[in-house]
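Presented below is the structure to which this report refers.
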Amino acid sequence: GLDGIHGPLVEFVGADGAIVQAVEAWLGPVARALVVRDAATADRLRSWFDSEWGGGGGLMVLPLDGVPRRAAGGTLLASVEARGAGAAWVESLLSGVDLVDGEGLFATGDGPRVTRDGTVRDARGVVRIGKPTGGGGLLERREELARLETEAAEAARDAEAARARREELRGALSTGEAAAEDARVTFRAAE
């Protein structure tokens, strides 16, 4: 990759299927933000974007020399594995957030919360239901891809086993046909 760019934030999040929607919902578009080495790298990206990029849209960048301190408390981070170069950002962004059931979303008390199915109540009290910013998330798609790869590998093994069984049965059939022919020859000779 480009010097100083580590990759999108989602690459540094390990989350199992049960928690993926909550993590994606909490992170929102930040899940696609690029983790970069430092502010200087972020500034180079800004310059490149301003002068050379003509594709519209925008970039979100997370410089590793500017990671905010982790918030206290929160249960969401405990369900996630923060890994690789972007781990500090994962920990910072997911800390202080409680993973709750539906009723817990509106329980008294401050603090950001998210449900497993991805309803978010942020620190300001704003509740976000569903995906108001658009389609399925990257973590969700990565999880689905891993599941499909496993299924494909199993299907390939099953197909290979079926092929082997077919060859085995073909061999048995040939042996049987040869034995039947021998028996016919013997029978004709006996006649």
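Bear in mind these aren't lab numbers, they're just calculated from the coordinates by the rules spelled out. Not measured: the values here are computed from a predicted model. Neighbour counts are summed over all protein chains in view; Cβ atoms, including those assigned to glycine, are modelled from backbone coordinates with ideal geometry.
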**Fill in**
Over the range 30-63, the set of residues in contact with an Asp or Glu (Cβ under 6 Å, 6 or more places away or on another chain) and either farther than 20 Å from residue 91 by Cβ or aromatic (Phe, Trp, Tyr) (or both) is none
**Request:** Could you tell me which of the residues 7, 57 is within 17 Å of the chain's Cα centre (by Cα), surrounded by fewer than 19 Cβ atoms within 10 Å (Cβ to Cβ) and farther than 22 Å from residue 74 by Cα?
**Result:** 7
**Message:** Which condition from (1) surrounded by fewer than 21 Cβ atoms within 10 Å (Cβ to Cβ); (2) within 28 Å of residue 146 (Cα to Cα); (3) without any contact (Cβ under 8 Å) to a residue 40 or more places away in the chain is the one that residue 36 breaks?
**Reply:** (1)
**Complete:** Checked the range 48-62 for anything in contact with a Gly (Cβ under 9 Å, 6 or more places away or on another chain) and under 10 Å from residue 35 (Cα atoms); matches are 62
**Message:** Going through 169, 93 one at a time, which residue ends up being surrounded by 10 or more Cβ atoms within 10 Å (Cβ to Cβ) and under 28 Å from residue 37 (Cβ atoms)?
**Reply:** 93
